[in-house]
1. On the given criteria, is residue 36 modelled with pLDDT of 80 or more and either closer than 24 Å to residue 189 by Cβ or in contact with a helix residue (DSSP H, G or I) (Cβ under 6 Å, 6 or more places away or on another chain) (or both)?
2. The conditions are (1) closer than 28 Å to residue 126 by Cα; (2) open to solvent by less than 60 Å² (accessible area, probe 1.4 Å), and residue 282 fails exactly one of them. Which is it?
3. Being closer than 16 Å to residue 28 by Cβ and surrounded by 14 or more Cβ atoms within 10 Å (Cβ to Cβ) is the filter here, so list the residues in segment 54-86 that pass it.
4. Report, by residue number, each residue of segment 114-132 that is among the small types (Gly, Ala, Ser) and farther than 23 Å from residue 200 by Cβ.
5. Can you tell me how many residues in segment 22-68 are aromatic (Phe, Trp, Tyr), closer than 15 Å to residue 89 by Cβ and more than 43 Å from the chain's Cα centre (by Cα)?
6. Restricting segment 222-249 to residues that are over 20 Å from residue 198 (Cα atoms) and β-branched (Val, Ile, Thr), which is most open to solvent (accessible area, probe 1.4 Å)?
7. Condition first: in contact (Cβ under 8 Å) with a residue 60 or more places away in the chain and over 24 Å from the mean Cα position of the chain (by Cα). Now tell me which residues in segment 218-240 satisfy that.
Amino acid sequence: MSRLWLVALLAPVLAKAAEQESRWLSNTFRIDPSISAVTLFIEREDDSTPVVLIRPDGSKYYYQRHPDTISWASTASRDIITLWQPEPGPWQATGRISAERGLSLVSPFRLQLAPLPARLYRQEIIKLDAELSHEGTRLDAAYYLEGLSLTAQLVGRRDADTDPFALAPRVIGVFADDGTGLDAYPGDGRLTAEVLVDALPGPYLFQAQTTNQVLARTHEQELLVYPTPLSLRMTTPNEDGSWQMLLEVDSELQPDSLVVTGTLTNPLEQSIAVSGSGRVIELPLAVQPGNYRWQGRAFATTREGREVQFQLPEQVIRVSPPLAATTPAAPPSFWLSWPVLGGISAAVSALLLVAIWRWRRKARGRKTSGKKAAGG
């Protein structure tokens, strides 16, 4: 047992310290044609039997039965398997494999990602480049990266079981190698993502993970997100429609380095480019009443000299129409007032006729009464 056991047990352990952790779906892993040797760490449940390896052609390898091109060391809870000149294609390990630790692979394939800045800000926009490499050489995108996806996410450093306010992992960017967006050249093996740090200030674990439905590689980094070091507000347009954008910057930024670009959309849905430098930006005249929408980015330099850019929050400003000037009412003309006067005259005439009719009726009654008294 001796030397073979010692080599199989210690060599992967030493290599694992310098190699990157790998994870698999359903304990299935793919071996590429360029791989000449690979070592598997398979953590099993306590007091379980060694796993069974299934080759791409469906045949099986066992701890007690395997060719000389395989070195297999097994303990009560671990299998350490080294494959020399393995057959390319999908392999699978079956058995009572630990759900927590699972299967790890030591190989020269690595997901390489430039480290993030030590100080990130909320709403900061950063460009990230990543690549898969084999012994220091970037992999050919046309062959190795087909069907590959690479995403970046932030994982809050709070315990979801004990903290009711713990946030779910937030995807903040998707890498691409198609020559669009910030990606310079399509198919060159360098994947690029524009990442927006849209997260509340606090501690996070940054993860960049790539997967092709079989193999997943993860790059991780602890980081701390700080509050956005600038804010803005819009002034109220004056009588001729002039107004401004005012920006306030924290001491972490160099005030004279501030540059703003964006778009102002007026109530007629016309988009107008807006740009300027400094903390006061003149805006296009607000001559139309209604809602104005502004969105854009700010570029600045930190006190340490790092160039940063921010996605500024969208602003919606309601501009009310000007109040109409009040003028004294003109006296009504004859032609405007005659219907009213005619109505009044008609009412007075009707009342006068009623009064005359009642008076004549009473007079007639008195006259008739006098004749009846004289005849009696």
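1. yes
2. Just one mismatch for residue 282, condition (2).
3. Within segment 54-86, 54, 55, 56, 61, 79, 81, 83, 86 qualify.
4. Result: 114, 130.
5. Total satisfying the criteria: 1.
6. Among residues in segment 222-249 that are over 20 Å from residue 198 (Cα atoms) and β-branched (Val, Ile, Thr), the one most open to solvent (accessible area, probe 1.4 Å) is 236.
7. 234, 237, 239
The rows are residues; the columns are (1) touching a His at 6+ places or on another chain (Cβ under 9 Å); (2) in contact (Cβ under 8 Å) with a residue 12 or more places away in the chain.
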| site | (1), (2) |
| --- | --- |
| 67 | no, no |
| 72 | yes, yes |
| 86 | no, yes |
| 89 | no, yes |
| 96 | no, yes |
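The values are calculated or read from the model by the stated rules, or taken from the named source; none is laboratory data. Keep in mind that this is a model prediction, so the values were computed, not measured. No Cβ is skipped: glycine too gets one built from the backbone with ideal geometry, and neighbour counts run over all protein chains shown. Calculation scope for accessible area: heavy atoms of the full protein, side chains included, ligands and nucleic acids excluded. Shrake-Rupley method; radii C 1.70, N 1.55, O 1.52, S 1.80 Å.
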